[in-house]
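To start, the structure itself, in structure tokens.
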Amino acid sequence: MVYEKEGKVQDTDRRNLNSHYGNVTGFLQTLSLILNVGLMVYAHLGLSGVVYSSQPPLAQLSESVASDSDDSSGSIGGDNSTSVCTEADAQNWITLGGQEEQGNLASYCSAGDSSTGQKPCYLGEDCQTACWQDLGYSADCARKCFPPSILCGFQNCVQFCLSDPEGEDCIACAAEFCDPPFFNCTGFPMTIDQNETIPDENNTNVTSPGSCNYDLDVDQWYVVYNLTFIGSVRDTWEADVKLLSIIIVVFSGIWPYAKNLILILVWYVPMSNRMRSSVLLWLTRLSKYTLVDVFAVIILIVATQLDLNVGGVDAIVRSEARFGIIAFLLATVWEFIQIEWTVVKHNRLTPKLSNNSTDSDQDQQESDDKDNIHTSDAMTANTAGKISPIHMLITIAFFILTLGIYISGSTLELFRVETFDEGQSACVSRYNLATFGNGLITEVSLADNTTAGQTWTLYIFYLLFTLILPITTHVLQIIALFFWVKNDNKNKMQQKAMYLTVAIWGMSCVEVFLIGLFSVEYKFQDFIKAVAGEEDASFISVKSSKGPGFFVLIGYGFVAGLFQFYLRFWVMSDKQSSAKIPEVEQPQDAEINSMNGSEINYDA
């Protein structure tokens, strides 16, 4: 379709793509986008991950206590107001240290002791009875006096005794609420004249400061948090981690749907070739930022492998991936393919439009070529003259600087998570870019993992987009620079290398990963406390920090992007300088102009 505007002849470059390829292709394109939106909605409504703990949250224990208390009289020993323990029990009480060691022994039965193989009993009556019997008490004494005493302490003194079982507040609270009925039930003396105590070797479970002691011999894992898109946005906002909430909403909530809408507009709305080229080019460059949410889940899975001490109780925390995040990843890759398919359709149409251009459009067409430089044009631009040594030296030095920053940033410490026990470092986990993905497949992460395949999928994704693709980009740059130094710019290998370099760089996600890491680390401790709940939050001490590798990789993202721009500047410079030289091969230049049109060019 040709029409007049402001004295210039405008041709079919303002028709939409659907008018060129027909309604059937347009229908399939639209159907694919609608199905993609459906998968994205499923991902946003589905479960992305689950955080587990080897110990039940206090909220669950409180429900258990409330249930148990309905069936009991609430007093130690039930209806008994006299001693149910024997003289042998009283002697055992004295032998074990009496009241002075009662707090330690209660913690021993309730929290367990890995050095002796004692499993945590918490408030379980049968387990508590068995534990006190193992300590030498008779069946009646162990069942009727000790478990009710533990229950009394939890109901009345948990806020004091969990953090410090031997503290003054805990002792005072127990003396007021729990000691009178306990001694009435047992008949034990409150004070003793002997100094016999439990041997110290039963209470030694010491690890070196900063070392992680993951005891994975866990009978049951308790769900402490379900990771969903909507729930994460709400919880992070309420926990005052608003930056992470905003980033998740913008990059993973709005942008994926906006990309599909833009693709529909590109297909159906009439626009110039140049406009369509520009829209698709920027869509390709910015599409990868949707993956911020995927990286955030990966970071949370790695960072929540914690060895915590919750009020004197050791707790192992780990996370598992769920299909919601895998569906989101698949939907994003699907969008990548959809965008590239649209680019191919656009590029196939461009030569036809270029051939139909009139002479009055040549100035505009040349301007389009200048803004959208095709790789083949770039490779044939420098057809005359030699490369200056200074130019060559600057380019090679620039490349070496980019590669060096990437290598150093990948090996330096990137992220650290540290847990504390009574103010001292108990467990430190350190990661760099090269080893961060390995945190997904550690023994802790895969322990009793019901979705190990999905975890491995995230691991492969991490390796591909943060390590393999950037490295591949730099290898292709070496190939391209090799032929450039030889002044062999017509070599097809160099042309392919340059094309793949800019295309693959557009898919490399180092900077996207850094955005996710910054968002999660920003207030990681607040997030962990929000996951733990109000009852457990006051007992958790976790600290995270960004290492020097994080800041070096920020520099890498800037320098690498600048280097890509420099390559384009170099091509443009050569093109401009070669324009001053008389044309040598006019047929070849004509062929190049025919190829260029307004094709999508993946410049940095």
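The values are calculated or read from the model by the stated rules, or taken from the named source; none is laboratory data. Here the structure is a predicted model, which is why all the values come from computation and not from measurement. Cβ placement follows ideal geometry from the backbone for every residue including glycine, while neighbour counts extend to all protein chains displayed. Surface areas here come from the heavy atoms of the whole protein model, side chains and all, with no ligands, DNA or RNA. Shrake-Rupley method; radii C 1.70, N 1.55, O 1.52, S 1.80 Å.
Quick one: of LYS242/LYS288; LYS288/LYS543; LYS119/LYS546; LYS119/LYS523; LYS288/LYS345; LYS144/LYS529, which pairs are farther than 27 Å apart, Cα to Cα? Write out the running numbers ahead of the final one.
Numbers: LYS242/LYS288 22 Å; LYS288/LYS543 30 Å; LYS119/LYS546 37 Å; LYS119/LYS523 34 Å; LYS288/LYS345 21 Å; LYS144/LYS529 36 Å.
Among LYS242/LYS288; LYS288/LYS543; LYS119/LYS546; LYS119/LYS523; LYS288/LYS345; LYS144/LYS529, the Cα-Cα distance tops 27 Å for LYS288/LYS543; LYS119/LYS546; LYS119/LYS523; LYS144/LYS529.
What order do you get for 389-398, 178-187, 448-457 when each peptide is scored by the mean count of other beta carbon atoms within 10 Å, highest first? Numbers along the way, then the final one.
Working: 389-398: 12.5, 178-187: 19.2, 448-457: 15.2.
Final packing ranking: 178-187, 448-457, 389-398.
Along each of its three principal axes, how wide is the spread of alpha-carbon positions in region 408-471, in whole angstrom units, largest first?
43, 36, 11
Rolling a 1.4 angstrom probe over the protein heavy atoms, how many square angstrom per residue are accessible across region 236-335? Intermediate values should be presented prior to the final figure.
Values: 3060 Å² over 100 residues.
With all protein chains present, region 236-335 gives 31 Å² per residue.
In whole Å, how far is the Cα centre of region 422-485 from that of region 231-248?
If we compute the Cα centre of each part, the gap is 25 Å.
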